[in-house]
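Worksheet: one structure, shown below.
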Amino acid sequence: MQKRWVVKPKNDVKKIDKLRNELGINPVIADLLLNRNISTFEQAKRFFRPTLEMLHDPFLMRDMDKAITRIERAIGNKEKILIYGDYDVDGTTAVSVVYSFFRDFHSGLEFYIPDRYLEGYGISTKGIDYAAENGFTLIIALDCGIKAIEKVNYAKSKNIDFIIGDHHLPGATIPDAIAVLDPKRLDCPYPYKELSGCGIGFKLIQAFIQKNGMDIQLAYQYLDLVAVSIASDIVPLTGENRILTHFGLKKLNTNPSCGLQALINLSSNKTGQFSVNDIVFQIGPRINAAGRIEHARDAVKLLISKSLQEAKAYSATVDDQNNLRKDFDLRITEEALEIINGDERLKQRKSTVLFKEDWHKGVIGIVASRLTEKYYRPTVILTQTNGHIAGSARSVLGFDLYEALSECSDLLEQYGGHKYAAGLTMRLENVPAFQERFELVVSNSIKPEMLQQEVLIETEISLSGIDAKFYRILKQFEPFGPQNEAPILLTRGVRGNGYIVGSNHIKVTVTQGDSAAFECIGFGLSSYIDYINSGQAFDICYTIEENNWRGKRNLQLNIKAIRF
């Protein structure tokens, strides 16, 4: 599919020149910094030279003082504390950080992760009953709970207090817990609003350390787990998240926790430093697989391991679960593609809604994402589980999926999520009606340009402007992620030659006029190879990276799209 190229408007020339002169940088770098709302020397210094001292005071978060007071009382009275968290990467890392910290000086501690299939997302009645039956009087919930009003009241009826540490948007009413830590609360003055669930857990132990005059390094030892949560939960890589990830990656690459070291050892094909991308594609999926295939407690046991030998046993289990997850993922994706390719009517639709009763619920979200990438249209994948139909939905840039599901609400039992991802349940007999209604809603509301994938280009540059110094400064923009993406650059009128590698990728060498030659990689672009080798000029948009192959390092352009 031909992608739609969108070039960001160039920043004001006077602003570019001012920043360029203040920092002694070239205008392209100045333009990229202005795109990230960096317009002064001081802002640039904080961006390029982050320090852990820049982290905000945790007691700026509403209810933090109440949370710490209640935890201190529980420890002093030798109460039993249950650390409760979601079954995804963010939830399991959050539980692992808080549990690992407090277990060193409080023996009455356990953790609890709900079963994805039997209990579902968030705080469950079963979890509260477990706490009551086993004498727990305090539950610390992480990465969930902000809307658990009835569950918190149920716990109170059993003399169990709650501390909630969440990062999701609250509803109109805040749960009646001892403390509710969530920067997205309208009444919370905390300066940074985009922490991960694990980030909230980190702030909790930072506050405990600060209040009790302990060594702050006791908190910093968990920065690698915090970085894994930030990367895997796709939260903005700005402000405090960028600082935490910057130092978390340093720890991951020099002195990782035993559990993460065991996972790194499984990534035997990785050379060089682990990046945010490596976390997203190599570490995160393995942690997630535990909750998708069996139970996420296996992931927590791995991440709280005190020795590499202990971690190896759990990492092998998690890796086996991930391999099984990949098998399910591959099989279901192939089956879904066969269904679409065998039905001309489905091919022509503006949406994809597919149902098969034996598809594994744990991977339908991944399959929905893959089909969205393939056909670039709103997608819902449905399966049968525990006597009802469960679905996972994904959207395309600009289209409000949650709004579309709302217009089908009379056909649904439950639904929830946000603009680009959602979950839903319905009765079996409503599946055909939902398929037609969802298609009708999408067809009537989606704009044609939303059905074409967009490449957002930051700025235009000539190949002669790319050298070692330029890349050295560009690399300091890392870590890359949402709201601080690796800059996509545009260069016009290049010529090149190359060849196909693998099934549909290309390796190409390009020049522009009398510029130096640049090696390029283009994933999924094999259909362009004849045009490239024809001698015609063409435009490319790309990111710049360093390729490290057999000890040889060189700059490489990662081509995102080609236009003739």
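Bear in mind these aren't lab numbers, they're just calculated from the coordinates by the rules spelled out. Nothing here was measured: the structure is a model prediction, and the numbers come from that model. Here Cβ is always computed from backbone atoms with ideal geometry, including for glycine, and neighbour counts include all displayed protein chains.
With the Cα gyration tensor of segment 469-539 giving a ≥ b ≥ c as the square roots of its eigenvalues, does the rule (a/c under 1.5 for rounded; else a/b larger than b/c for prolate; else oblate) give rounded, prolate or oblate?
Values: a/c = 2.41, a/b = 1.50, b/c = 1.61.
Oblate, since a/c reaches 1.5 and b/c is not below a/b.
Highest first, please rank the peptides 318-328, 407-417, 188-198 by the mean number of other Cβ atoms sitting within 10 Å of their residues.
188-198, 318-328, 407-417
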Taking a ≥ b ≥ c as the square roots of the Cα gyration tensor eigenvalues, with a/c under 1.5 meaning rounded and otherwise prolate when a/b beats b/c or oblate if not, the chain comes out oblate
If 245, 69, 137 are placed from fewest to most neighbouring beta carbons inside 10 Å, the sequence is 69, 137, 245
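Evaluate the charge dipole of the chain about its Cα centre and quote only its size in Debye, nearest 20, assuming +1 on the Cβ of each Lys and Arg and -1 on the Cβ of each Asp and Glu.
1240 debye
Once a ≥ b ≥ c are taken as the square roots of the eigenvalues of the Cα gyration tensor of segment 155-239, is the result rounded (a/c under 1.5), prolate (a/b larger than b/c) or oblate (a/b not larger than b/c)?
Details: a/c = 1.87, a/b = 1.23, b/c = 1.51.
Oblate.
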Loop-resident trypsin sites (Lys or Arg not before Pro) in segment 207-283 with no more than 16 other Cβ atoms inside 10 Å, DSSP not H/G/I/E/B, are 270
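Using the number of other C-beta atoms within 10 angstrom as an exposure proxy, rank 5, 359, 549 with the fewest first.
Values: 5 16, 359 22, 549 10.
Fewest-to-most ranking of 5, 359, 549: 549, 5, 359.
Of all DSSP beta bridges in the chain, what percent run antiparallel (nearest 5)?
Values: 45 of 77 bridges.
If we restrict to bridges inside the chain, about 60 percent are antiparallel.
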Computed for segment 1-160: size of charge dipole around the Cα centre, +1 on C-beta of each Lys and Arg, -1 on C-beta of each Asp and Glu, debye to nearest 20, value 780 debye
